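Report on the following structure.
The values are calculated or read from the model by the stated rules, or taken from the named source; none is laboratory data. Given the structure is predicted, the values throughout are model-derived calculations rather than measurements. Cβ atoms come from the backbone with ideal geometry, glycine included; neighbour counts cover every protein chain shown. Calculation scope for accessible area: heavy atoms of the full protein, side chains included, ligands and nucleic acids excluded. Shrake-Rupley method; radii C 1.70, N 1.55, O 1.52, S 1.80 Å.
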Amino acid sequence: MTSTWSSVLALCVAGMAATPAFAQSPAADSGLGGISADEPVEGEIVVTGIRAGLDRSLAVKREADSVVDAISADDVGHYPDVNIAESVQRISGVQINRVRGEGRSVNIRGLPSNFTQATLNGRVLPNASGDSAGSRTFDFSILPPEFVRTLSVYKSPTVDLDEGGLAGTVDVHTPRPFEIGKRVLSAAAQAEYETNSGKTSPRLSAFYSDTFADERLGVSLGISYNRRQPQTQNAIIGYTTAREGSGVAPADLNGDGTIDRNLTVRFPNQSNYYQYDEDNQRLSAIGSLQYRASDALTFSLDGFYTRLKVQAVTNEFLQIFANARNVVSATTQVVDGLPTVTQLRVRDLDTRGGGRFEDRVSDTYSLVGGAHYDADGWIASIEGSYASSKQRLNNLNIANIAIGEGEFISHPGDTLWTTNYYSGFDTARLDPDSYRVASINGSFNRRSSDRLWDIKGDLRREFGNQGLTAFQTGFHYSDRAIYQDNKSLTVQAAGVSNLYASLTGSPLGAGPTAGSYSAAPFMHLITAGKGRYLGSYGGDANFATSWLASDTRSFISNFTDEALIAAGAYNNDATGITNVQEKVFAGYARGDFSFGPLSGNVGFRVVHTRQATVGVSPDLTGITVEPDAGLITRVPASAPITVNRDYWDFLPAFNVKWQASDDLLLRFSASRTMTRPNLTQISPTTSAEGSSRTITQNNPYLDPFRANNLDATVEWYFSKDALIGGSLYYKDLKSLIRNQTTVQPIPVTYIYSNGTRVASNLDFTVSQLVNGSGVTVKGFELYYQQAFRFLPAPFDGLGTVLNYTFIDNSDPAQLTGASRHNYNATGYYEKGPIGVRLTCSWRGGFLSNAAVAPAMSQYTRSYGTLDGSINLKLSNRLSLVLEAVNILDTDERVRFTNGLPQSYLDAGKRVFGGIRFAM
């Protein structure tokens, strides 16, 4: 890290900045109640100015019946953050997960992100894009923040809320013309600068909304274009185990000069250094059409579309110690009861400089139509929707190999491991003639799709202000299907030479070893875009800061898909194909009540889930590994499998609020919630990893996660615009999906590019997903917000929002994502034309990957970011905006739970500047 956390804490305490309103307040009834983004209705807070928004948040909180947090846009088209997930983490009890430094998914109260249901305007949005394809974890990076009107986090459910969020639900609400109620035109243009890459990219957006025909017809349209060109630098180490003399690993792993074939040693199979150079473009659009047929009846049609185009090169520098055979020296230390290599020097280190080119395009859209009726105490709504997400992916790499003398050193407590080179290899590794071609390999024309259609209806009858105040009932039916193929391409070295000859008229020259082909025409030097590789690291570990990598993108761009396929082997291994369909029918009944100072709601939800999965069973006796083709591991199919199953869930919920005095409110909630397994987890697929020697089998018979929940809150409004509050929560998860793990000898054949085949029985860690024992999660939240209006001018523009969350769980060795301590501190100053915000978000370390010995679990160390913004209003319509993300350039560090380092990531800082126009 470039700064110590003591300086971060000091800045967090001293920070002053313009911030959105945060409120622990319930959202309005889904589909009912005439929600308006410009009215202080239940469950939604809209901010047109920082202080006005905070005041409204407190007012809504006092009237709410359940526990919901909300963040609102400062104005239409002006969400307070450049990333939706980054803003959510500022709510108490909420943490986020990052992919290469960017917030992608959300955890609530220490539970994994797949326990959080994310919805767009109350509906699940399918997602076949990127890392989250096939899971129930929503990737917030596909949603442009310019389209967010309000974002609500439901922590205690009401029964009309769709099931699926065991930990909670995050609903993103986009603006609609009748909610705005006036003509609005806004536009923004910003430049985004990435400090690691040194590149600048545009962010453009525009939004229009108006009503016509005596406010009976409303139209809103929005469009957003965003380009990012980040560079992320990452070091990752992987370990595996082998018996000495196995034939597929260095023989004398403990360096004692004796080959003990009964001795199993843990050693670093692969040390990896990566530089991700990305070019990501997102084009998004929203539209809403509303027609008020009468004072009671309104029809609506809403659409959303986003296209994400990613062209990224992973410039990789790999040291594969598992392929070495000639050990110079080795040292071991007993770690977790197993001899573990802490120093290993070999003469024949397999070193590779790849340039894996990821080219993917995803399209996601949804269309929702419905009608809403409100008259004489009757409120009814019905809606139907269709949504689809599709992705095409290529991810090819020209693999190459250079051999030389290298050394690995790492001990428990280190932040990074050391890699040294000897006998002139530190110079030779930068010589293109040192590399020979191994193959072209990777995913090719891989397709994934996720489609969802549904229909829902709600009916509510309101009676009065005391006793039973309302009764509500409704239904929801959905039909979802996902499909992912498993297509991959492998072109061996001779085929690569033939492709090269078709361009130049002559084949590749001779490589550094007999019978090989030179990779020199493909190699180019990789250096950091700006500054030094892993520049945020200040320790004493030694590692390469530049290397040679293949320019895969330039080479393959010369060929058609058909030409590449004709040159190699094109496969679609059935054991990795996902094909799942899920149909859900739910119905609910809810009653609202009020007895003097006591009010609330009670009800139940009944859910029937039907799932159909299609796949194949694996043949574990025919596994092959291709070390020269990116360690591709193939598992042949044995027989087809089709599984049909269904199950029921009964989900009651009770929310009550007691007005103890004019300034003091107490709330209590009891509920039962559920989350279904990820769709890929219930597909009968099997994956194997030859380098780490693991086999993972999914399970179509997995039951859902179910939990009983208790929540209690207390809120003291000690002045007009101030609050001190606290929440207690308890979740009893009846089961978790766990890995049932055994170590089995598996016959494996290693196939090398020169035709050599080596067969060996190796110990593989075989894991199958099963429903295991549950876990309890409990903790508390503290929050405080106040505008310091009582201070003398000019300090009366100051204000703050603070919160802290404590999370405890009964199985810290299994539950991932649960940081014990979490806090957020925001200071702001808003007076006249100036608005300034400074926000610090910090979460303690947490278990990021649970493993069973001899594999090692991973622990992400504590991490925090400091973000800020400055808004200068030039006129009533024009503003200048300056924003910064990760101001202190904090890094992300992961270690194994035994203290050995696992990864180090430097994502750099992001700076934005531009103008915003609104009228």
Inset, instruction - Read through the list (1) under 24 Å from the mean Cα position of the chain (by Cα); (2) within 30 Å of ARG820 (Cβ to Cβ); (3) open to solvent by 20 Å² or more (accessible area, probe 1.4 Å), then give the number of the only condition that ASN699 fails. - result: (2)
Legend entry - Breaking point among (1) touching a residue at least 60 places away in the same chain (Cβ under 8 Å); (2) outside any loop (DSSP other than H, G, I, E, B), for THR158: (2)
Inset, instruction - Within region 607-632, track down each residue that is outside any strand (DSSP E or B) and not hydrophobic (A, V, I, L, M, F, W, C). - result: ASP619, THR621, GLY622, PRO627, ASP628, GLY630
Inset, instruction - Would you mind stating whether ALA566 is more than 29 Å from the chain's Cα centre (by Cα) and either outside any helix (DSSP H, G or I) or among the basic types (Lys, Arg) (or both)? - result: no
Inset, instruction - Confirm whether GLY495 is over 30 Å from PRO126 (Cβ atoms), open to solvent by less than 30 Å² (accessible area, probe 1.4 Å) and outside any strand (DSSP E or B). - result: yes
Inset, instruction - Examine region 479-486 for a residue that is of a type in the set (Ser, Thr, Tyr), closer than 29 Å to SER557 by Cα and touching a residue at least 12 places away in the same chain (Cβ under 8 Å), and state whether such a residue exists. - result: yes
Legend entry - Complete set of residues in region 165-211 that are within 27 Å of GLN229 (Cα to Cα) and free of Cβ contacts under 8 Å to residues at least 60 places away in the same chain: THR200, SER201, PRO202, LEU204
Inset, instruction - Identify all residues within region 223-241 that are open to solvent by less than 10 Å² (accessible area, probe 1.4 Å) and over 30 Å from TYR533 (Cα atoms); write none if there are none. - result: SER224
Inset, instruction - Kindly indicate whether ALA637 is out of contact with any Pro (no Cβ under 6 Å at 6 or more places or on another chain), open to solvent by 20 Å² or more (accessible area, probe 1.4 Å) and touching a residue at least 60 places away in the same chain (Cβ under 8 Å). - result: yes
Inset, instruction - Working carefully through the options LEU798, LEU838, LEU762, find the one that is touching a Pro at 6+ places or on another chain (Cβ under 8 Å) and among the aliphatic types (A, V, I, L, M). - result: LEU762
Inset, instruction - For ASP214, indicate whether it is over 26 Å from ALA402 (Cβ atoms) and not in a strand (DSSP E or B). - result: yes
Inset, instruction - For residues that are in contact (Cβ under 8 Å) with a residue 40 or more places away in the chain and part of a strand (DSSP E or B), tally how many sit in region 688-713. - result: 14
Inset, instruction - Quick one: in region 900-919, of everything that is among the charged types (D, E, K, R) and in a strand (DSSP E or B), which residue is nearest to ALA235 (Cα to Cα)? - result: ASP906
Inset, instruction - Assess whether VAL885 counts as being of a type in the set (A, V, I, L, M), open to solvent by 20 Å² or more (accessible area, probe 1.4 Å) and within 20 Å of ARG228 (Cβ to Cβ). - result: yes
Inset, instruction - State which residue pairs qualify: first residue without any contact (Cβ under 8 Å) to a residue 40 or more places away in the chain and inside region 224-249, second residue buried (at least 19 other Cβ atoms within 10 Å of the Cβ) in any location, beta carbons under 6 Å apart, and separation of 6 or more residues or different chains. - result: GLU244/LEU253
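Let's see how each residue does on (1) under 24 Å from ASP162 (Cβ atoms); (2) touching a Gly at 6+ places or on another chain (Cβ under 6 Å):
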{"site": "VAL616", "(1), (2)": "no, no"}
{"site": "ASP619", "(1), (2)": "no, no"}
{"site": "GLY622", "(1), (2)": "no, no"}
{"site": "VAL625", "(1), (2)": "no, yes"}
{"site": "ASP628", "(1), (2)": "no, no"}
{"site": "PRO636", "(1), (2)": "no, yes"}
{"site": "ALA639", "(1), (2)": "no, no"}
{"site": "PRO652", "(1), (2)": "yes, no"}
{"site": "ASN655", "(1), (2)": "yes, yes"}
Inset, instruction - Kindly state which strands (runs of 3 or more DSSP E) lie completely within region 372-483 and contain at least 3 residues that are basic (Lys, Arg). - result: 436-462
Inset, instruction - Considering each of THR340, THR331, THR351 in turn, give the residue that is buried (at least 22 other Cβ atoms within 10 Å of the Cβ), in contact with a Gly (Cβ under 7 Å, 6 or more places away or on another chain) and not charged (D, E, K, R). - result: THR351
Legend entry - Residue among TYR274, TYR239, TYR291 that alone is hydroxyl-bearing (Ser, Thr, Tyr) and within 28 Å of SER129 (Cα to Cα): TYR274
Inset, instruction - Check whether at least one residue in region 641-659 is out of contact with any helix residue (DSSP H, G or I) (no Cβ under 8 Å at 6 or more places or on another chain), of a type in the set (Gly, Ala, Ser) and either surrounded by fewer than 20 Cβ atoms within 10 Å (Cβ to Cβ) or assigned to a loop (DSSP other than H, G, I, E, B) (or both), and report yes or no. - result: no
Legend entry - Pair list, Cβ < 8 Å and 6+ apart or interchain, from region 714-743 residues that are within 14 Å of PHE780 (Cα to Cα) and open to solvent by less than 20 Å² (accessible area, probe 1.4 Å) to residues that are among the β-branched types (Val, Ile, Thr) and modelled with pLDDT under 90: SER727/VAL67
Inset, instruction - Return the total of residues in region 509-562 being assigned to a helix (DSSP H, G or I) and touching a Lys or Arg at 6+ places or on another chain (Cβ under 9 Å). - result: 1
Legend entry - Count of residues meeting criterion [open to solvent by 30 Å² or more (accessible area, probe 1.4 Å), over 20 Å from SER903 (Cβ atoms) and among the hydroxyl-bearing types (Ser, Thr, Tyr)] in region 814-861: 2
Inset, instruction - Please work out if GLY257 is open to solvent by 50 Å² or more (accessible area, probe 1.4 Å) and either without any contact (Cβ under 8 Å) to a residue 60 or more places away in the chain or part of a strand (DSSP E or B) (or both). - result: yes
Inset, instruction - Among the residues of region 116-149, count how many are modelled with pLDDT under 90 and not hydrophobic (A, V, I, L, M, F, W, C). - result: 15
Legend entry - Members of region 745-758 that are open to solvent by 40 Å² or more (accessible area, probe 1.4 Å), part of a strand (DSSP E or B) and touching a residue at least 60 places away in the same chain (Cβ under 8 Å): PRO747, ILE751, VAL758
Inset, instruction - Provide a single number: the residues in region 423-455 that are within 18 Å of PRO512 (Cα to Cα) and either of a type in the set (Phe, Trp, Tyr) or open to solvent by less than 10 Å² (accessible area, probe 1.4 Å) (or both). - result: 5
Inset, instruction - Run SER488 past the list (1) in a strand (DSSP E or B); (2) surrounded by 18 or more Cβ atoms within 10 Å (Cβ to Cβ); (3) at pLDDT 95 or above and report the number of the one that doesn't hold. - result: (3)
Inset, instruction - Confirm whether ALA285 is over 22 Å from PRO901 (Cα atoms), among the aliphatic types (A, V, I, L, M), open to solvent by 30 Å² or more (accessible area, probe 1.4 Å) and in contact with a Gly (Cβ under 8 Å, 6 or more places away or on another chain). - result: yes
